[in-house]
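Each reported figure results from applying straightforward, stated rules to the coordinates on display, with no laboratory input. Keep in mind that this is a model prediction, so the values were computed, not measured. Please note: Cβ atoms are built from the backbone with ideal geometry, for glycine as well, and neighbour counts cover all protein chains shown.
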Amino acid sequence: MKYLLLGIFGAVLAQTAPRADVTGRWAAETHLPNGTTRQTVIALKADGEKLTGYMSTRQEADEISEGKVNGSDISFDIVRNDFGEERRTHYTGTISGDELRLQMPGSGGRPGRELVAKRVSSEAAQPLPAPPLKITLPPLEDVPSNGLARTPPMGWNSWNKFRNKVSDQVVREIADAMASNGMKDAGYMYVNIDDTWEGTRDEQGNIRSNEKFPDMKALAEYVHSKGLRLGIYSSPGPKTCAGYEGTFKHEEQDAKTFAAWGIDYLKYDWCSAREVYDYHSLPAVYGIMGRALLNSGRPIVFSLCEYGRLNVGNWGARAGGNLWRTTGDIRDTWASMSSIGFDQQIGLEKFAGPGHWNDPDMLEIGNGGMSDTEYRTHMSLWSLLAAPLLAGNDLRSMTPDIREILTNKEVIAIDQDSLGQEATRVSKIGGVEVWARSLADGGHAVGLFNRGPETAKVTARWSDLGLSGSHKVRDLWAHADRGEATGEYSAEVPSHGVVLVKIAR
């Protein structure tokens, strides 16, 4: 009887718990790496337990779906059309007086965060503002090939390790390290500056670098003096991902500026372009810059960073691209790397070949989130996939073991094989997988992978590779010949590890 009364009393308390004053407009400011702020407005209207309204930034507004109020707690969904697919994001928050603490879920490998908003009005949310009209471009017109990247590009990119801390000094020191620590000798050529280098435009509209990069032309000359090449980053939208100046309506002008500076590689990130262009126009948007680079007067490798949207393999090369992202951003974790490398590349091999490559994102090798065993798997899988090899660690201070992984010339030779045929998964049994690609000399590169939690025997069968008879086998990580094998080759592979072999013709 006592417990029954307690239950009834608790239910009564829950029903009579004071409901927070939810109705009104709430505003929060997020500080961006470029020193500016982005304002987010949450406009709410409570009707009993039902919550309606919208959440907006300067560029777009989204209506709340399935909103609920429970005392001082709120929850709602935002549903967006993401390149023709519905994407639903769930938000929760707590209101205390005139403060709203909203939990912003992570996405694209980025962690979630808390947004603190202050009440700016007690007026009920008005109807959702009309979305701004977006630009629709005519269909993509094919851009002639630039003849570059006949093998997957190799180099380094600043983002994974340095993010907004990249600078002229860092880039020079990375170039020094690449030229002296065996990276250049192993084939790494591009030193690529990612986001946060951009400054303002001058009176003629010419893009300028910011105070972190006082003289981009001089920096390019320094990198070139080391026998290396310099890459840069931008976006087709008004702003880059970090909120810096993009190329919107300045594509031809910026391409010529990049060429005048001596730039050899451009990573072009969709980001805020979604706020001004209809998503169906994405191929044509990339084609604008592809043609601009072709007309710039300098050979510049064109890297499309559009996260694999709209089946990019079907049109990436037609937009002038030499490589194109096939997934969202990689993180320095086994879960992220293995999902991107194993699961999200199936069926894409038909799009890869000399001059045009699938890009599963940059390497995380040496950044500390995985074991050396997992990093060897990372390097092996990317090489089998004929993926660009863009190191993302601090090359100035890497350990000998990490350097050995990144500079293993026998493994790199698989990635750089002139046939350019991307590997396919030829067998999968539980957590063990075999991936293989044909090579220009008639041999095969074969990866025996173990994604499981314990050491396992992995077998590559000749019948899965289109082979028969006896073939010589060489272990590319052990740098050792394994004799001849008939019909199949097996190896004990550690958890999350790989045995990468070359099978002679």
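Report the extension gain between I135 and K68 in nm, rounded to one decimal, defined as 0.36 nm multiplied by the number of residues separating them, less their alpha carbon distance.
In short, 20.6 nm is gained.
With the crude spin-label approximation of a point 7 Å out along Cα→Cβ, what separation in nm comes out for R101 versus A440?
Result for the modelled spin labels: 6.0 nm.
Can you pull the three principal axis extents for the Cα set of region 18-121, in Å, largest first?
Ordered largest first, region 18-121 gives principal extents of 40, 33, 23 Å.
Taking neighbour Cβ counts within 10 Å as the exposure measure, how do L148, L389 sort from fewest upward? Walk me through the numbers on the way to the answer.
Numbers: L148 15, L389 25.
Ascending number of Cβ neighbours within 10 Å: L148, L389.
Provide the gained length on full extension for the span E221 to S121, in nm with one decimal, where the gain is 0.36 nm per separating residue minus the Cα-Cα distance. Each step should come with its number before you reach the end.
On the way: separation 100, 0.36 × 100 = 36.00 nm, distance 5.49 nm.
Full-extension gain reported as 30.5 nm.
Can you pull a Stokes-Einstein diffusion coefficient for region 425-503 at 37 °C (0.692 mPa s), Rh from Kirkwood over Cα pairs, as a whole number of µm²/s?
Numbers: Rh = 12.5 Å.
Translational D for this selection: 263 µm²/s.
What lysines sit close enough to K267 to cross-link, taking a C-alpha to C-alpha distance under 24 Å and skipping anything fewer than 8 places away on the same chain?
Cα-Cα hits under 24 Å: K134, K161, K165, K184, K212, K217, K226, K239, K249, K256, K350.
With just the Cα atoms defining each centre, how far is region 66-109 from region 420-451? Give it in Å.
42
Mind giving me the FRET efficiency for R461 and R87? R0 is 35 Å, r the Cβ-Cβ distance, nearest 0.05 is fine. It would help to have the intermediate numbers written out before the result.
Numbers: r = 41 Å, r/R0 = 1.17.
Result of the calculation: an efficiency of 0.30.
What translational diffusion coefficient, to the nearest whole µm²/s, does region 154-422 have by Stokes-Einstein, given a Kirkwood radius computed over alpha-carbon pairs, a temperature of 10 °C and 1.306 mPa s viscosity?
Values: Rh = 18.6 Å.
Answer, rounded: 86 µm²/s.
Is it possible to state the helix-based mean residue ellipticity at 222 nm for the chain, with each DSSP H run of 4+ residues giving -39500 (n - 2.57), the sum divided by total residues, to the nearest 500 deg cm²/dmol? What is it? Don't skip to the end; give the middle numbers.
On the way: 12 runs with 106 residues, N = 505.
Calculated from helices alone, the mean residue ellipticity at 222 nm is -6000 deg cm²/dmol.
If I measure Cβ to Cβ between cysteines in the chain, which ones have no partner under 4.7 Å?
Within the chain, the cysteines lacking a partner Cβ under 4.7 Å are C305.
What is the ratio of the Cα radius of gyration of the chain to 2.2 N^0.38 Å, where N is its residue count, to two decimals? Could the numbers behind the result be given before it?
Details: Rg = 26.2 Å, N = 505, 2.2 N^0.38 = 23.4 Å.
Working it through for the chain, the quotient is 1.12.
Can you compute 3J(HN,Hα) from phi for each residue in region 178-195, using the Karplus curve 6.51 cos²θ - 1.76 cosθ + 1.60 with θ = phi - 60°, rounded to whole Hz and x for Gly and Pro?
4, 6, 10, 9, x, 5, 4, 4, 7, x, 6, 10, 9, 10, 10, 8, 8, 4
In whole Å and largest first, what semi-axes does the C-alpha gyration tensor of region 231-287 yield when each eigenvalue is scaled by 5 and square-rooted?
Details: eigenvalues 76, 28, 18 Å².
After diagonalising the Cα gyration tensor, the semi-axes are 19, 12, 10 Å.
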